[in-house]
Amino acid sequence: MKFNPIDMESWSRKPYYEHYMNQVRCTYSMTANIEIAELRAELKARGTKLYPALIYMITTVVNRHREFRTCFDSEGRLGFWDKMSPSFTIFHEEEKTFSSLWAPYCEEFVPFHDCYLRQTKAYKNAKQLFPDASEPLNTFPISSIPWVNFTGFNLNVYNEGTYLLPIFTMGKFEELDDKVLLPLSVQLHHAVCDGYHAGMLFNELQAMAAGCKSWLGEH
């Protein structure tokens, strides 16, 4: 993993960053439905769960665009990671608690899915919030609320408004006629992402869901 510091003087986004970080510090949330009927049918035919496929889709789009990988490093420098991996939650039914795990991102779905399965098996009985001490710095958070088909979701992160990475939360899908609609919320920082970037993210996720046969691999 490589962190690339941003040269503020040559950065085209400098005036937007300075405004939304120093003048009007601003984060925002957007929730939209992803239509996953074909994706769900393909996964069901393969005996593959939906959650890791959605994590893979989100991570793929995050890694396509620098805006979603821009943050501060451990030294407080502003920059972006070459690649990012997902940090995702798993639920413990007995205690009604959760743990946050991570899996290294792979461009191909099958090896990523295999790693996801190894991680969830290794820590399925973990009692800690962060049981894997090897999680690197270049991760971003994904979580799920599979019990609620929400229409909006907002996080309030009290860290002086300097957390720049996207935060994803998915909800319970709903079957409507011949569609399957899954609500997905993303929290973004306006200093690095505008409405255009949010729209691009959701549109690319929808395209991946519709074209899932191209990346799921041989069946």
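Just to check, using Stokes-Einstein with a Kirkwood Rh over alpha carbon pairs, what's the diffusion coefficient of the stretch 74-192 at 37 °C and 0.692 mPa s in µm²/s?
On the way: Rh = 16.3 Å.
Rounded, D is 201 µm²/s.
For the chain, find the longest principal axis of its Cα atoms and tell me its angle to the long axis of helix 109-122, 0 to 90°, nearest 10.
It is inclined by approximately 80 degrees.
Gap in Å between the Cα centre of the stretch 159-194 and the Cα centre of the stretch 40-66?
Each part reduced to its Cα centre gives a spacing of 15 Å.
So how much slack lies between residue 65 and residue 8, counting 0.36 nm per residue of separation and subtracting their Cα-Cα distance, in nm?
18.7 nm
Nearest 5 percent is fine: what portion of the DSSP beta bridges confined to the chain is antiparallel? Please report the intermediate quantities before stating the final value.
On the way: 28 of 36 bridges.
Percentage antiparallel, nearest 5: 80.
Can you check what the net charge comes to around residue 191, using other residues whose Cβ is under 11 Å from the Cβ of residue 191 (Lys, Arg +1; Asp, Glu -1)?
Values: positive: 13, 14, 25; negative: 18, 67, 194.
Result for the neighbourhood of residue 191: 0.
Quick one: Cα centre-to-centre distance for the stretch 68-85 and the stretch 1-24, in angstrom?
Here the two parts' Cα centres lie 12 Å apart.
Summarise the long-distance tail of P(r) for the chain by giving the % of C-alpha pairs beyond 31 Å.
Working: 4932 of 23871 pairs.
For the chain, the fraction of Cα-Cα distances above 31 Å is 21 percent.
Work out the charge dipole of the chain with +1 on the Cβ of Lys and Arg and -1 on the Cβ of Asp and Glu about the Cα centre, then indicate which of 198, 149, 110 is farthest towards its positive end.
In the chain, that residue is 110.
Which order, highest average first, do 146-159, 197-210 follow once you tally other Cβ atoms within 10 Å for each residue and take the mean per peptide?
Working: 146-159: 11.3, 197-210: 17.1.
The most tightly packed comes first, giving 197-210, 146-159.
Leaving out ligands and nucleic acids, and using a 1.4 Å probe, what accessible area per residue does the chain come to in Å²? Walk me through the numbers on the way to the answer.
Working: 11610 Å² over 219 residues.
Per-residue value: 53 Å².
Give the ranking of 194, 82 by solvent-accessible surface, highest area first, calculated with a 1.4 Å probe. Please list the in-between numbers first.
On the way: 194 35, 82 70 Å².
My answer, sorted largest first, is 82, 194.
Going Cα to Cα from residue 127, which aspartates and glutamates come in below 13 Å? Please leave out same-chain ones fewer than 8 positions away.
The reachable aspartates and glutamates, counting only those whose Cα sits under 13 Å from residue 127, are 93, 94, 95.
Principal axes first, then extents: for the Cα atoms of the stretch 65-112, list largest minus smallest coordinate on each axis, whole Å, largest first.
Taking max minus min along each principal axis of the Cα atoms, the stretch 65-112 gives 41, 30, 15 Å.
What is the local net charge at residue 34, summed over the other residues whose Cβ is closer than 15 Å to its Cβ (Lys, Arg +1; Asp, Glu -1)? Walk me through the intermediate numbers first.
On the way: positive: 40, 172, 179; negative: 35, 38, 42, 174, 175, 204.
That sum, taken over residues with Cβ under 15 Å, equals -3.
Setting aside same-chain residues fewer than 8 positions from residue 83, which lysines have a Cα under 27 Å from its Cα?
Result set, ordered by chain and number: 2, 14, 49, 121, 124, 213.
Give the relative contact order (percent, whole number) for the chain; include only Cα pairs under 8 Å separated by 6+ residues.
Values: 361 pairs, mean separation 69.4, N = 219.
Relative CO of the chain lands at 32 percent.
Roughly how many percent of the accessible protein surface of the stretch 1-154 is carbon and sulfur, given a 1.4 Å probe and a whole-percent answer?
52
The values are calculated or read from the model by the stated rules, or taken from the named source; none is laboratory data. The model shown is predicted, which means the values in this text are computed figures rather than measured ones. Virtual Cβ from ideal backbone geometry, glycine too; neighbours counted across all protein chains shown. Ligands, DNA and RNA are stripped out before the accessible areas are found, and what is left, the full protein with its side chains, is counted by its heavy atoms. Shrake-Rupley method; radii C 1.70, N 1.55, O 1.52, S 1.80 Å.
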